[in-house]
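The structure appears below as structure tokens.
The values are calculated or read from the model by the stated rules, or taken from the named source; none is laboratory data. Since the model is a prediction, treat every value here as computed from it, not as a measurement. So basically every Cβ, Gly included, is an ideal-geometry build from the backbone, and we count neighbours across all protein chains shown.
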Ligand SMILES: NC(=O)c1ccc[n+]([C@@H]2O[C@H](COP(=O)([O-])OP(=O)(O)OC[C@H]3O[C@@H](n4cnc5c(N)ncnc54)[C@H](O)[C@@H]3O)[C@@H](O)[C@H]2O)c1
């Protein structure tokens, strides 16, 4: 079955940073019919971004989940090193690495190249959207659009409104997400938004249970998968995300929300031993490299 979405997204969309997430975001807006401009930091990264997006577009066609034509999409995709190419974009989504100073300077630079009527969004997974908004000249035109990895397969986008986000954008952002064929979860800015806060809370409790010898990782995961219909157990998911990544999020949430998010010693020890999950071949479970 093929699905086709009416153009319920801005006609011209910019993406700052064409890495894992930025490429997925560009892919999603291209499939929805938008013209997409990706701005990268250097030529090599720009080339990698284009390859990533084109590969994902080809895969979507192979799967038969979309109608479209690779040549037409390629014509609608610009990959550049120049922020001035964002000038005609109605919306720019920032997806540079999760580093506060980098995000602030990147967002300010992009904002300086946008028309006064354009919208700006961040794909941050943990930084304060209120705090980022306060660094901008037009905070009412800024929100979080938190896409999930891998973007083509994920049906969820968390729309994160800062206290400055204007009413028009609050409505438009949900329409855009629906236009991408995804579902919006609307969150008022808070540490960990809705998804990371709850996902990490469950994972931390599961890790404490392993630490206390309550049950094996496989049995804990099976309890959630078979008993509560989780598609993946909390420990297997921690292996997929990376223990180091989840440790960082837990430390941040503990600093913002209190000791209930304090990472268990077992998690710290596993990270120190390099048992980071799938990417190192060992976490709560073992993987073939
Ligand atoms: N990876 C995930 O699972 C995931 C999920 C949700 C949200 N996020 C968030 O998405 C953002 C990007 O993460 P990612 O995993 O795609 O990272 P990534 O490292 O794969 O991609 C970042 C890209 O930004 C580019 N870049 C760096 N500085 C730049 C600049 N000044 N101008 C333009 N481009 C620049 C890099 O060259 C790189 O291609 C982060 O905020 C992250 O927290 C990540």
Restricted to segment 115-126, and to residues that are part of a loop (DSSP other than H, G, I, E, B) and either within 14 Å of the ligand (Cβ to nearest atom) or out of contact with any strand residue (DSSP E or B) (no Cβ under 8 Å at 6 or more places or on another chain) (or both), which residue is farthest from residue 89 (Cα to Cα)? 126
With the requirement that a residue be surrounded by fewer than 18 Cβ atoms within 10 Å (Cβ to Cβ) and within 16 Å of the ligand (Cβ to nearest atom), what does segment 127-146 give you? 128, 131, 135
Tell me which residues, restricted to segment 148-170, are in a helix (DSSP H, G or I) and either surrounded by fewer than 17 Cβ atoms within 10 Å (Cβ to Cβ) or in the same structural domain as residue 221 (by the TED database) (or both). 167, 168, 170
Please note which helices (runs of 4 or more DSSP H) are completely contained in segment 171-289 and include at least 2 residues that are surrounded by fewer than 17 Cβ atoms within 10 Å (Cβ to Cβ) and touching a residue at least 12 places away in the same chain (Cβ under 8 Å). 195-211, 243-257, 265-272
Which count do you get for residues in segment 24-46 that are surrounded by fewer than 16 Cβ atoms within 10 Å (Cβ to Cβ) and either within 18 Å of residue 11 (Cα to Cα) or without any contact (Cβ under 8 Å) to a residue 24 or more places away in the chain (or both)? 1
Here are 181, 199, 131, 116: which of them is assigned by the TED database to the domain that holds residue 239 and out of contact with any helix residue (DSSP H, G or I) (no Cβ under 6 Å at 6 or more places or on another chain)? 199
